[in-house]
Amino acid sequence: MPRPSSQADQRLIQAALDLLPRNGLNALKVRQVAARAGVNPGLFHYHFRTKREFNRRVLQEFYETFFARLTGAVAAAGGGLPRDRLRAAVLTLARFGREHRGLLLAILRDLLDGNREILVFVRENFPRHFTIMYRLMKDTQRSGTLRRLPIPVMIAMLAGPQILPILAVAGLERVVADRP
């Protein structure tokens, strides 16, 4: 008879997601994650074998949550005009960014610090949602609702006003939290 699952792997992933906004991936420690999850550190190695595999799974879990929300929002607006689908996607990006601003800032910080795992993760996953956004922008342009501009300009116009304030607030929250 198989041993019942204690969901230790999911508890470890959730503990890492809780700790990442403060520590970032570079400073995440196995014992700290296991203590936060309330599991024996040996279960960490049982479920993930290596910290690299664990980090990959944590990032993938976070991204899949985001991607499901994005595709769900676009599908929910599916019968509407192209601008409605694009608006739904941009609002979903903004809401998700606001809800997870500390974690996004930590990931960006680790990326800028040269964390290879995050760089590989970004290369493998970001084209998925960029493709959706690209298609939405092109559809909206074809409908005549959005001006025909180069895609990088449109991304800057649509995402910049949403993401930059979110990251700025996350940075300020981090500074205030670090004060004695």
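The values are calculated or read from the model by the stated rules, or taken from the named source; none is laboratory data. Just so it is clear, the model here is predicted, and its values are computed rather than measured. Ligands, DNA and RNA are stripped out before the accessible areas are found, and what is left, the full protein with its side chains, is counted by its heavy atoms. Shrake-Rupley method; radii C 1.70, N 1.55, O 1.52, S 1.80 Å.
At 20 °C and 1.002 mPa s, what whole-number value in µm²/s does Stokes-Einstein give for the translational diffusion of segment 72-180, with Rh from the Kirkwood sum over Cα pairs? Each step should come with its number before you reach the end.
Values: Rh = 15.4 Å.
Approximately 139 µm²/s, per Stokes-Einstein.
Measuring only protein heavy atoms, the 1.4 Å probe finds K51 accessible over about 70 Å².
Translational diffusion coefficient of segment 1-122 (Stokes-Einstein, Kirkwood radius from Cα pairs, 25 °C, 0.890 mPa s): 154 µm²/s.
Considering only A68, A88, A16, the mean-square fluctuation computed in a Gaussian network model of the chain, springs between alpha carbons under 10 angstrom, is largest for A68. Roughly how tilted is helix 82-99, in degrees to the nearest 10 and between 0 and 90, from the longest Cα axis of the chain? On a 0 to 90 degree scale, this one is about 30. Heavy-atom accessible area for E124, with the other protein chains in place and a 1.4 Å probe, reaches approximately 120 Å². If I ignore ligands, DNA and RNA and count only protein heavy atoms, how much of T92 is accessible to a 1.4 Å probe, in Å² to the nearest 10? In the full protein context, T92 sits at about 10 Å².
Could you check which residue among L17, L103, L81 shows the biggest mean-square fluctuation in a GNM of the chain with a 10 Å Cα cutoff? Greatest mean-square fluctuation among the candidates belongs to L81.
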